[in-house]
Each structure stands twice: as structure tokens, then as C-alpha cells.
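What follows is a short report on a single structure.
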Amino acid sequence: MCFFSYFGEAFYKMRNIQLIGVILVIVGSFLPLLRIPLVGNWNYWKIDPYLSGIIWTLSALGLYFIQKEKLKATRIIAGSLIFLFIFTIVAIKLKSLDFFAFLPFKSWQSAFAGIVKLSWGWFFEFVGAALMFFGINKNKNLNN
């Protein structure tokens with residue numbers, strides 16, 4: 001039995017660019033997102049397991065809506081992913097500042113908080129969510 005015939009004709013209609021976006025978001029969650037000296041690289045699971053579960057659930061919902069050709073729902077999911085990525089980056093920066101709050105001078109706090117660097121995995125996360133968001137032009141005929 002062919003893989004494509006199992007999923008039916010709807011699998012043929014999936015939008016490839018949006019599918020690539022979902023794959024980039026999922027793969028990006030396993031890539032290094034943070035570089036912490038003496039600790040190493042962290043991915044989404046090491047940053048926060050609950051947040052990574054939310055990201056994977058939203059990616060699965062996005063895949064479902066792409067397969068069902070629900071453009072508006074797919075864009076809502078992609079917007080939610082972008083919001084969660086921005087939320088995570090802001091939370092990382094604030095947490096690193098709070099972690100070094102015991103230091104007596106503000107300049108020392110920001111210097112030590114600056115050693116926590118964002119890594120190249122974020123590129124995959126944001127590009128994948130952007131491809132999900134902008135993947136389909138709604139003016140085109142979706143039945144082709």
C-alpha cells in the first residue's frame with residue numbers, strides 16, 4: 001500500500017511551503033537555542049518542558065489544519081507560535097537578569113546576564129512559523 005494513498009487525496013492538496021514550516025518549527029525545537037558557558041547548549045526541552053510541549057502541540061494542530069486546508073486556523077496557530085517564541089526570548093532575558101540579582105552593581109548584573117547567548121536554532125523556529133503564516137496566498141484557487 002502506498003503511503004500517499006493511505007492518507008487520501010487531501011494529502012496531495014497539502015501546501016508544501018506550510019508543511020516545510022511545520023517541519024522547521026519541530027526540528028528547530030531540538031536545535032540549540034541557548035548557549036550558556038560551562039553548561040552548554042540548551043534546546044526547548046531543557047529551557048522548559050511544558051513550553052516545548054505547547055510548541056509541539058501547536059505544531060501538530062498546525063499540521064492538522066494544513067491537511068484540512070483551514071487557512072485562517074493555520075495562520076492563528078502560526079501567530080501563536082511566533083508569540084510564544086518572542087515570549088520565550090523575553091522570559092530568558094528577564095530570568096538571566098534575575099538570576100544575577102545578588103550582584104551589588106547593575107553593570108555587573110547586565111554583564112553576567114549577557115553571557116547567556118541566543119543560538120542559531122531560533123532562525124529555524126521563526127522561519128518555520130513565518131512559512132506557516134505566509135505559505136498560502138488566499139487569492140489562489142485551493143482546489144488545484
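We did not get these values from a lab; they are worked out from the coordinates using the rules stated. All figures in this text were calculated on a predicted structure; none of them were measured in a lab. Counting neighbours? That spans all protein chains shown, and the Cβs are built from the backbone with ideal geometry, glycine included.
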> For segment 27-73, what is the per residue volume of the convex hull drawn over the alpha-carbon atoms, in cubic angstrom?
Replying inline: 66 Å³
> Given the Cα-Cα distance of PHE123 and LEU71 and 0.36 nm per residue of separation, how much length would full extension add, in nm?
Replying inline: 16.4 nm
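Direction-averaged shadow area of the convex hull around the Cα atoms of segment 13-133, nm²?
The directionally averaged projection comes out at 7.4 nm².
Fewest to most neighbouring Cβ within 10 Å: what's the order for THR88, THR74?
THR88, THR74
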> In the neighborhood of SER29, defined by Cβ-to-Cβ distances under 13 Å, what is the net charge if each Lys or Arg adds +1 and each Asp or Glu adds -1?
Replying inline: -1
>> To make sure I understand, if each residue's beta carbon is the centre and we count other beta carbons within 10 Å, what order do LEU34, LEU103 fall in, fewest to most?
In response: LEU103, LEU34
